[in-house]
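Report on the following structure.
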Amino acid sequence: MSHPNQQQTYDRQAEDFAAKAPGLMTWEFISKPALDRVLNVDAHTVILDQGSASGRVEEYLLGRGVKPANITGIELSSNQVEIAKTRFPDVRFRQGDIRTLLPIQEVGTFDLVVSHMVYEFLDDEGLGQALASAAAGLRKGGELVYIVTHPNKMILKEGLEDRGWFETSAPWGGKVDNWFRFVGDFVNATTEAGFEIDVMESLSIPDEAREADPDQWEKYHNYGHMRLLIKATKL
């Protein structure tokens, strides 16, 4: 499951997230370059975004030339969905829970499922359900690409040792609840959902980000691995 307060938290933080998330150093210098490397998309790629928030990933995909009609975003927060629809009216957004199986008409229809900084907000049961939903939505041979906060960063920042819920500060302000798990837990959950892992990368802040904000760069640099990326193929 997600944390019981997650939907209310993201409804409350929707405007702050929408204003700040697209310009975050971690998005600009870690996630976007990683997606550039691993995503093979064109105008005709049919994509599901699990946890689409206010459309940050959708803006990126449109910039890569994907047709808006080929993108579907599912987001728990209704406030985030309304912001996303206003920003990108030709993309299909809907409020929903990514742990829930997709409508029958969407089963086996997607070429790619992408999820950015979402799976860490689910406990083990919820992660398994979200991955099962992703697998159901993909055609055979379709790809799943997701990025989460690296467990090593959580350990260094929060002093965590045991799996479970913890509260942390969000970079757009406010507090959010995350679920701590290890890299091997992501690997096991992904393969158990019927995927073969093709790429697994531990991502750190690059040196070229130093000029953008030296103090923030130093903080992130000290954490070492900031993000974990997994790319997998549906068997």
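The values are calculated or read from the model by the stated rules, or taken from the named source; none is laboratory data. As the structure is a prediction and not an experimental result, all values here were calculated from the model. Cβ coordinates were reconstructed from backbone atoms using ideal geometry, including for glycine residues, and neighbour counts include every protein chain displayed.
Of all the residues in the range 139-158, those that are outside any helix (DSSP H, G or I) and either charged (D, E, K, R) or touching a Pro at 6+ places or on another chain (Cβ under 8 Å) (or both) number 3. Within the range 168-190, how many residues are touching a Lys or Arg at 6+ places or on another chain (Cβ under 7 Å) and at pLDDT 95 or above? Of the residues in the range 168-190, 2 are touching a Lys or Arg at 6+ places or on another chain (Cβ under 7 Å) and at pLDDT 95 or above. Screening residue 129 with (1) within 23 Å of residue 35 (Cα to Cα); (2) touching a Ser or Thr at 6+ places or on another chain (Cβ under 8 Å); (3) buried (at least 18 other Cβ atoms within 10 Å of the Cβ) gives one miss only, at (1). Flag not set for residue 115, criterion: in a helix (DSSP H, G or I), buried (at least 22 other Cβ atoms within 10 Å of the Cβ) and either touching a Pro at 6+ places or on another chain (Cβ under 6 Å) or not charged (D, E, K, R) (or both). Taken over the range 78-101, the criterion of being under 16 Å from residue 66 (Cβ atoms), hydrophobic (A, V, I, L, M, F, W, C) and in a loop (DSSP other than H, G, I, E, B) is satisfied by 88, 91. The sole residue among 136, 69, 132 that is assigned to a helix (DSSP H, G or I), in contact (Cβ under 8 Å) with a residue 60 or more places away in the chain and more than 20 Å from residue 5 (Cβ to Cβ) is 132.
The set of residues in the range 69-100 that are out of contact with any Leu (no Cβ under 8 Å at 6 or more places or on another chain) and among the aliphatic types (A, V, I, L, M) comprises 69, 76, 81, 83, 84. Of the residues making up the range 191-209, not a single one is modelled with pLDDT under 95, in contact with a helix residue (DSSP H, G or I) (Cβ under 6 Å, 6 or more places away or on another chain) and at positive phi.
Let's see how each residue does on (1) among the hydroxyl-bearing types (Ser, Thr, Tyr); (2) more than 14 Å from the chain's Cα centre (by Cα); (3) at positive phi:
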| residue | (1), (2), (3) |
| --- | --- |
| 28 | no, yes, no |
| 31 | yes, no, no |
| 41 | no, yes, no |
| 55 | no, no, yes |
| 62 | no, yes, no |
| 67 | no, yes, no |
| 77 | yes, yes, no |
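Have a look at 198, 162 and point out the one that is part of a loop (DSSP other than H, G, I, E, B), touching a strand residue (DSSP E or B) at 6+ places or on another chain (Cβ under 9 Å) and charged (D, E, K, R). That would be 162, the only listed residue that is part of a loop (DSSP other than H, G, I, E, B), touching a strand residue (DSSP E or B) at 6+ places or on another chain (Cβ under 9 Å) and charged (D, E, K, R).
Residues are listed down the side, and each one gets a yes or a no for (1) in contact with a Gly (Cβ under 9 Å, 6 or more places away or on another chain); (2) surrounded by fewer than 19 Cβ atoms within 10 Å (Cβ to Cβ); (3) over 24 Å from residue 13 (Cβ atoms):
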site: 48; (1), (2), (3): yes, no, no
site: 56; (1), (2), (3): no, no, no
site: 64; (1), (2), (3): no, yes, yes
site: 67; (1), (2), (3): no, yes, yes
site: 70; (1), (2), (3): no, no, yes
site: 78; (1), (2), (3): no, yes, no
site: 82; (1), (2), (3): no, yes, no
site: 88; (1), (2), (3): yes, no, no
site: 105; (1), (2), (3): no, yes, yes
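This table checks each residue for (1) more than 18 Å from the chain's Cα centre (by Cα); (2) in a helix (DSSP H, G or I); (3) closer than 24 Å to residue 232 by Cα; (4) not β-branched (Val, Ile, Thr).
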| site | (1), (2), (3), (4) |
| --- | --- |
| 166 | yes, no, no, yes |
| 176 | no, no, no, no |
| 186 | no, yes, yes, yes |
| 190 | no, yes, yes, no |
| 203 | no, no, yes, yes |
| 210 | yes, yes, no, yes |
| 220 | yes, yes, no, yes |
